[in-house]
Amino acid sequence: METLKNALDFSDFPRLDLTLAASVAVFLLVFPFFSHSSFAMSTLIQFLIFSLYGMGWNTIGGYGGQVDLGKAQYLGIGAYTTSVMLLRWDTPFWISMPIGILFSVTWSFIIGYPLFKLKGHYFAIATIATSLVLKDLFEVWELVGGSRGIEILAGKYQTPDFVHLIFKGDDYYYYVILIFFFIGILFMNAFRKSRLGFQLRSIKDNEDIARSLGINVHWAKIKTYAVATAFVSAVGSFHACYVKNIEPEDTMSLDISILIALMAMLGGAGSLWGPIIGAAVLVPLKSYLKEWLGAQAGMVGIDLIIYGAIIMIISAAEPRGIWGMVEKARRRKRN
Amino acid sequence: MALLEVTNLTKRFGGLTANDAVSFEVTKGELLGLIGPNGAGKTTLFNCIAGLHPIDAGTVHFQEQNITRLASHEIARLGLARTFQIMVASGDLNVLENIMVGCFLHTGSRMKAKAEAEQILKDMELSDLGGYLVSELPVAAQKRVAMATALGTRPKLLLLDEVAAGLNPSEIEGITAIIQRIHTEMGITVMLIEHVMEMVMNLSQRVVVLDYGRKIAEGDPKLVVKDPNVIKAYLGERYAKEHL
Ligand SMILES: Nc1ncnc2c1ncn2[C@@H]1O[C@H](COP(=O)(O)OP(=O)(O)OP(=O)(O)O)[C@@H](O)[C@H]1O
Ligand SMILES: [Mg+2]
C-alpha cells in the first residue's frame, strides 16, 4: 500500500521538472497520431527500450554504485527464452516473459554471489567476463540456433496478436513499450524511496558505515542486482518480439552492455530521470551514427570512439552526469 | 549486569600488536570513557568490538551473547552502534535521509523511518539541517549527524569515537550536553573515546586507559588521572603539574 503511494508520489520534485516530465509524457502518448517517418518511430522505440534498460542498470549501478558492464547477458536470456518458447510451444509472451525473468534472476544469484565479493574495477571486469562467456555459450548452442540465432516467424499469427506480442506495424509495439516505460518510472520512483533504495545509497557512500547501521551489504547488492536483472530481462523479451530475429552477436554483445551503462551514467546515475535523459541523448546519436556515418567507408567504429570520449568527459567533469549538473546548480542557488 | 564483556582481546596488524589481551566490562546504564595517547589502540578496539576487524584472540560478549565472530551488520542489529573517528557520510543522501538509513533497520516503512528520523533530528538539535548534505556542514554538525544516524538503529550500547575532535570550546559544551542527554534521557549505555580531558572528566563514571595496546589503568576518572602510570603514558608532565 505504502509502496503504491510512493510509486505515484512525485511531490519531492520541483514544479519545473514535473511540468517537463508531463509534457514529454503527453508528447510520447500522442506522437503516433502525427505524421512521422518510420525512422523516427523506430528511434523512439529504441529510446523507450534503452531508457528501461538504463532504469534497471540504475538500481545497482546508479543507486548502488556498482558499475555493471554485463547487462546484455540478461537481455539475451529474456530474448532467447521468449523466442524459443514461442517457436517451440507457441507460448504467450505474458508467460514466457516471467519465465525469462525467473531464469535471469536465478542466473544473477549464481554469479552475483561471487561477483559481489569483488570491489570496484574488478567487479566491472567480472560482469563483462560472465556476459561474454554466456554469449559464447549461446553461439555454439545449436538448440537455440548457434551463432545464426533464431527467427520468430510472424506470418503464422493473426496480427495484431496481443497474446504473443506479434504485430505488423510499429505503432502497437510503441504503445506496449510505452506502457512498460511508464510502469518502469513508477517502479523506480518507489524503489528510490524503499528501504533497499536507501540502503544502497548508503552502501555506495561508505560500506563500513552501512554495515555499522545493520545493513547486510553483500545481500543488499545481490538483491538489487536481481531487480536490475528482472528489468532488463523483461525488456529483452519484448525486444525479441519486436525485432523478431535475435542472435548472440547483437543481443548479448559488449557494445550493448556498455551502451546501457553509458546512458544511465551520461544522464545521471542514481537519479530517477538520469537514464531517460541519457537515452534521449544517446539513442538518436547512435541511430544517426549507424545510419549515416556507418555507411561511409572507413567510418566503421567511430561510434565506439565517440562513446569512449563521452565516458572520459563524464568521469572527468561530473561523475553524476547531466542530472548531477542540474542538481549541483540548484544546490548552489539554494545555499 | 555486564552489557558488554571483552576478554583478553588481542589484535595484531602484522608485527604490531594494536590490542594486547585487553579485558574490561561495560555495565548496563553506565558511561565509560576510553582514553590513551595517540596510537594506543582505542579505535582498533572499537573496530574489533563492532566486528569491523577479525580479532586474533579473545572474546567479546554482548548481552551475554558471544559476538566475537559475528559480522558487523549482525552486531549492529543486536543493538550495538558506533560512530567513526574519521569517516562521515559524504554521499548524496542528505542529513535526514542518512538518519533514515539507520531507522530502516527496524521498519520497512518510509513514513515511519522518516517520522523517527525527524524526532532524532529534533533531539540532536539538527532540525534546520535536515535538507543539507553532510559534506556541506561544519565539523561540529557532522559529528552530531554521525551520532544521530547511529541512534536511528535504536542501540542499547553506543560507541563514540572522538566526537569532540576539532571542535571549539562552546561546541564541545554543546556536544557534551547532547551525550549526557543520550545517556540519561534516552537511557543508552555509552562508551566514548576522547582526547578532550575536561569532557572525559565531566561525562565518564569510569575510564579505561590504553597504552601501546595494553590496558594500564581502569576506574574512577579522578583517581585514574592521579595514577603515575597514566600520567607518564598519556597526560604528560605538563597536565600533571597543572591539575594535580
Ligand atoms: N588497519 C590497520 N592496519 C595496520 N595498522 C593499523 C590499522 N589500524 C590501526 N593500525 C595501527 O594500530 C595502532 C593503533 O591505532 P588506533 O587507530 O587504534 O589508535 P588510537 O588509539 O585510536 O589513536 P588516536 O588517538 O590517534 O585515534 C597504530 O599504530 C596504528 O598505526
Ligand atoms: Mg582513534
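Observations on the structure shown:
- Pairing residues of the stretch B:26-39 that are on the phi > 0 side of the Ramachandran plot with residues that are basic (Lys, Arg) and within 16 Å of ligand 2 (Cβ to nearest atom), at Cβ distances under 6 Å and at least 6 apart in sequence or on separate chains, gives B:36/B:42.
- Any hit, the stretch B:110-118, residues being exposed (fewer than 15 other Cβ atoms within 10 Å of the Cβ), touching a helix residue (DSSP H, G or I) at 6+ places or on another chain (Cβ under 7 Å) and either part of a loop (DSSP other than H, G, I, E, B) or not hydroxyl-bearing (Ser, Thr, Tyr) (or both): yes
- Taking the stretch B:3-35 as the range and being out of contact with any Gly (no Cβ under 9 Å at 6 or more places or on another chain) and among the small types (Gly, Ala, Ser) as the test, the residues that pass are B:14, B:15, B:33.
The rows are residues; the columns are (1) open to solvent by 30 Å² or more (accessible area, probe 1.4 Å); (2) polar (S, T, N, Q); (3) farther than 17 Å from residue A:235 by Cβ.
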| position | (1), (2), (3) |
| --- | --- |
| A:93 | no, no, no |
| A:106 | yes, yes, yes |
| A:114 | yes, no, yes |
| A:125 | yes, no, yes |
| A:128 | yes, no, yes |
| A:131 | no, yes, no |
| A:137 | yes, no, yes |
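- Per-region count, the stretch B:36-59, residues over 13 Å from residue B:84 (Cα atoms), within 11 Å of ligand 2 (Cβ to nearest atom) and either outside the structural domain of residue B:71 (by TED's automatic domain parsing) or not small (Gly, Ala, Ser) (or both): 2
- Selection count where residues are over 18 Å from residue A:200 (Cα atoms), charged (D, E, K, R) and in contact (Cβ under 8 Å) with a residue 40 or more places away in the chain, scope the stretch A:47-94: 2
- In summary, no helices (runs of 4 or more DSSP H) completely within the stretch B:35-109 bear 3 or more residues that are within 10 Å of chain A (Cβ to nearest Cβ) and small (Gly, Ala, Ser).
- Counting only helices (runs of 4 or more DSSP H) that fall entirely inside the stretch A:243-288 and contain at least 3 residues that are within 15 Å of the chain's Cα centre (by Cα), the qualifying elements are A:254-268, A:274-288.
- Restricting the stretch B:158-200 to residues that are of a type in the set (Gly, Ala, Ser) and either away from ligand 2 (no atom under 16 Å from the Cβ) or within 14 Å of chain A (Cβ to nearest Cβ) (or both), the residue that is most open to solvent (accessible area, probe 1.4 Å): B:170
- Qualifying residue in the stretch A:236-253 (condition: under 30 Å from residue A:325 (Cβ atoms) and either buried (at least 19 other Cβ atoms within 10 Å of the Cβ) or modelled with pLDDT of 85 or more (or both)): no
- Among the residues of the stretch B:201-219, those that are over 23 Å from residue B:11 (Cβ atoms) and open to solvent by less than 70 Å² (accessible area, probe 1.4 Å) comprise B:201, B:203, B:204, B:219.
- Members of the stretch A:208-234 that are at the interface with chain B (Cβ under 10 Å from one of its Cβ atoms) and open to solvent by 30 Å² or more (accessible area, probe 1.4 Å): A:208, A:211, A:216, A:218, A:219
- Matching option when the condition is within 16 Å of ligand 1 (Cβ to nearest atom) and under 16 Å from the mean Cα position of the chain (by Cα), among B:58, B:39, B:51: B:51
The values are calculated or read from the model by the stated rules, or taken from the named source; none is laboratory data. Note that the structure is a prediction, hence the values are computed from the model and not measured. FYI the Cβ positions are ideal-geometry reconstructions off the backbone, even for glycines, and counts take in every protein chain you see. The accessibility values were calculated without ligands, DNA or RNA, using every heavy atom of the protein model including side chains. Shrake-Rupley method; radii C 1.70, N 1.55, O 1.52, S 1.80 Å.
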